[in-house]
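Here is the structure we will look at, set down as structure tokens.
Please treat every number below as a calculation from the coordinates, not as lab data. The structure presented is a predicted model; accordingly, all values stated were derived computationally and were not measured. Because the Cβ atoms are built from the backbone with ideal geometry, glycine has one as well, and the counts that use them run over all protein chains shown.
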Amino acid sequence: MHNFDPSVPDYPATARDDTVDDFHGVPVADPYRWLEQASAEATRAWAAAQNALAAEFLAAVGARGVLRDRLVRLIDRPHHEPPIKRAGRYFFTRNEGLQDQPALWVQTGATGTPRVLLDVGALSDDGTTALTGIGVSRDGAWLAYGLSERGSDWQTVRVRDVATGTDLPEVLRWCRFASLAWTPDGAGFYYNRHPEPATLLESDTSRHSQVYHHVRGTDQADDRLVYARPDAPDLGLHPIVTDDGRHLVLHVSRGTDVQNRVYVRPVDGDGDFIRLLDDADAAYHLIGSAGSELFFKTDLDAPFGRVIAIDVERPERAAWREVVPESAGTLHMARIVGGRVVVVRLDGMAHRLEVFGLDGRADGDVPLPGPGTITGLAGAAGDPELFIAFSSFLQPMDVFRVDVDTRSIAPWRAAAPTFDPAAFTTRTVAATSRDGTRVPVLVTHRKDLALDGDRPVLLTGYGGFNVSVLPQFNPMVLAWMMLGGVFGVATLRGGGEYGADWHAAGMLDRKQNVFDDFIAAAESLIAHGYTRPARLAIHGGSNGGLLVAACMLQRPDLYGAVLCSRPVTDMLRYHRFTVGRYWVGEYGNAEADPEHFAFMISYSPLHNVRDGVAYPPILVLTADTDDRVVPAHAYKFVAALQAARPGPRVALMRVETAAGHGLGTPTSKRIDEQADGLAFLVRVFGLDGAAGAGRPAAEGRTLPRTSPEGALS
């Protein structure tokens, strides 16, 4: 088998202009600035022509339908999120397998009959309305829920009567990443929103976060402003009411910065908030309360994380109490459940679930189903019932019930996998980065695969924003391995896998470490005899899209194909688009700081495409309504690649419609996009798209738009 090496196709014509910016005395050309106008007729026509070209290329893959069918069968099993329990009622989302959007269900008691409370799939004809968050009153009688349209980060909030399933008339608008915190009496809730856009400049619509109190059954115009910081418009405010109903806590952050602030006051008070933590010197995440003590997971003086207690009646630092000390494993999550502190800690590249008393006494571990990742915790301070979401490369996400008193664990909602996990294996391969840092690479493949140095490999990573990339199930990855491919995940600096120092080593002027780590991971897979450069594909999305774009440009000889999804590519102007300003703490600001400009332009993908370099084939994926990483990043980058000579052997762009950055993307759209990604690799690498390790256990079904009514099967 040989790599597909087509001649450069006839790309759509792309106009260039003479736009030049001055960055601290350095002229920088931006000839595709016009593509930033996503709604302009010329931009839309250009994107449509690019989409048509990509569709033509992918249609030549005869096995695309086979690949899509395989994805359908792998996905087609019921899956849930951990339930929220209120007054004996359990609220949870469930997707029957192929629904475009999961429905929200409710049941009374552990053995009650579930019923659909909110049929999200029925709210739009194309499945692009998504549930983005819920808040349930303490008595379980009222539901506040957020909805997103067409993948946007903007939300509207509605209120539903749980008993009747009917909505109250009010609609709360201008919310983004809204927290919904009910008062103990259930008469209303606190939420965060922005001012009405018409009252702001367009560039300010994602600033000026405010906390309001909404009284159930009233118009939003009557909502009471609780807190705002007009002196600091870039601060985000998120309200939390503690489980005991005593404290209203504000989680205060600046963009995506890890360091945050915490303000607090009594729920029944109307005075000023106590600025309990206002130095932004560390990360503080509220995990629960007991009396006047608030418990926080923090990295203050503990890069791997610890749990502390702060008494709001004695808030001075000398009175703080350490509950769970730092250890060698990074503390990823914590929560007070049933009067105990439950901690999720990284042990190697798998999670451990530990239980401590509120006094810090170790109460033992909870035995997990196997090596894997806990992706969610749900439980209350006064109830020993804890729910966890658990997944691994070979374990689709399932929900388990834990009794924190006995540390016993049992499946709560689980379904048989649609494949044989025993047919695959995972191991860790060590890589060494340029500066000597050890970079673990998790490698998974079929056990019967002959590792002859010529295997097609798909390597991915992220490396930013303190995000930990740990083993989780992905049907596209499994379909790839069924084709005979090897899958690798590089653990890169910039992530949160190994604590605060690991994150800091991959941000701002240290961002090149991330690219060096990923390049080392690729070289290690070749050195260990898995593959060769022409058979090595790299894949990343969002910040991971920046990763693979930069690495392709820095080491074009090292890769045979690139899948680049919703990438950040214009590092000089990213902060000017929608919520890009939130990322300045991670990336820097090239306009404001000449030192930032120097290191950012050195890797900015848009500004490092060179003529005379043969880049590997690349498929860039974006969405026309993405309001987080705007499509201009992808548009301008693809235009630059297509203009380069010889440039990539092929540079294509797939533009999804009515879908954003990934929030609430319908199942059918996810399947289509993943099938196209696989089809691209199949064609570039000359693979047999119908090959595999046998058919999955379950036959596929059609894609319903709405949830079935009635009890769970």
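Worth pointing out:
- Vicinal HN-Hα couplings computed from phi for region 236-243 (Karplus, 6.51 cos²θ - 1.76 cosθ + 1.60; Hz; Gly/Pro x): x, 10, 10, x, 9, 9, 5, 4
- Point-charge dipole on Cβ atoms (K/R +1, D/E -1) for the chain, about Cα centre, debye to 20: 1640
- Think of the chain as a dipole: +1 on every Lys or Arg Cβ, -1 on every Asp or Glu Cβ, centred on the Cα centre; then among Leu53, Val467, Ser209, Leu53 lies furthest on the positive end.
- When the Cα positions of Thr129, Tyr90, Ala110 are compared along the charge dipole of region 79-241, Ala110 comes out farthest toward the positive end, with charges on each C-beta of Lys, Arg, Asp and Glu.
- Paramagnetic reach from Arg16 in region 25-61 [backbone N under 13 Å; point 7 Å along Cα→Cβ]: 29-33
- The chain: antiparallel DSSP beta bridges as a percent of all, rounded to 5: 85
- Compared with the dominant principal axis of the Cα atoms in the chain, helix 632-643 is inclined by about 10°.
- Calculated SAXS-style log₁₀ I(q)/I(0) at q = 0.11 Å⁻¹ - region 79-241, Debye, Cα scatterers: -0.46
- Pairs exceeding a 30 Å alpha-carbon distance, out of Lys297/Lys511; Lys297/Lys447; Lys85/Lys297: Lys297/Lys447.
- Packing-based order for 458-468, 280-290, using average beta carbon neighbours within 10 Å, highest first: 458-468, 280-290
- Judged by the mean number of other Cβ atoms found within 10 Å, the most tightly packed of the peptides 243-253, 356-366 leads the ranking 243-253, 356-366.
- From most to least packed by mean Cβ count within 10 Å, the peptides 142-151, 500-509 give 142-151, 500-509.
- Point-charge dipole on Cβ atoms (K/R +1, D/E -1) for region 295-452, about Cα centre, debye to 20: 320
- Amide N proximity, region 530-568 versus Asp672 label position 7 Å along Cα-to-Cβ, cut-off under 14 Å: none
- Computed from backbone phi with θ = phi - 60° and the Karplus coefficients 6.51, -1.76 and 1.60, the 3J(HN,Hα) list for region 648-653 is x, 4, 7, 10, 10, 9 Hz; x is used for glycine and proline.
- Spacing of the two label points (7 Å from each Cα toward its C-beta) at Arg438 and Ala122, in nm: 5.6
- Amide H contacts of Gly112 (H built 1.01 Å from N, under 5 Å, at least 5 apart or other chain): none
- Across the alpha-carbon atoms of region 168-302, the computed radius of gyration and Dmax are 15.1, 49 angstrom.
- Placing unit charges on each Cβ (+1 for Lys and Arg, -1 for Asp and Glu) gives region 79-241 a dipole about its Cα centre, and among His194, Pro169, Tyr145 the Cα reaching farthest toward its positive end belongs to Tyr145.
- For region 365-390, backbone nitrogen atoms closer than 17 Å to the point 7 Å from Ala415 Cα along Cα-to-C-beta are found at 389-390.
- Footprinting exposure proxy for Met333, Met571 (fewest neighbouring C-beta atoms within 10 Å first): Met333, Met571
- Global dimensions of region 171-221 from alpha-carbon coordinates: Rg and Dmax equal 11.9, 38 Å.
- Inter-label distance for Val8 and Asp557, nm, one decimal - labels placed 7 Å from Cα along Cα-to-Cβ: 2.2
- FRET efficiency, 1/(1 + (r/R0)^6) with R0 41 Å, evaluated for Glu595 and Asp272 via beta carbons: 0.60
- Between amide H atoms placed 1.01 Å from N, distances below 5 Å from Thr432 occur with Val439, all of them 5 or more places distant or on a separate chain.
- Across region 339-348, computed HN-Hα scalar couplings (Karplus, 6.51 cos²θ - 1.76 cosθ + 1.60, θ = phi - 60°) run x, 10, 9, 9, 10, 10, 10, 7, 10, x Hz from first to last residue, x flagging Gly and Pro.
- Net charge of neighbours whose Cβ lies under 14 Å from the Cβ of Phe356, counting Lys and Arg as +1 and Asp and Glu as -1: +2
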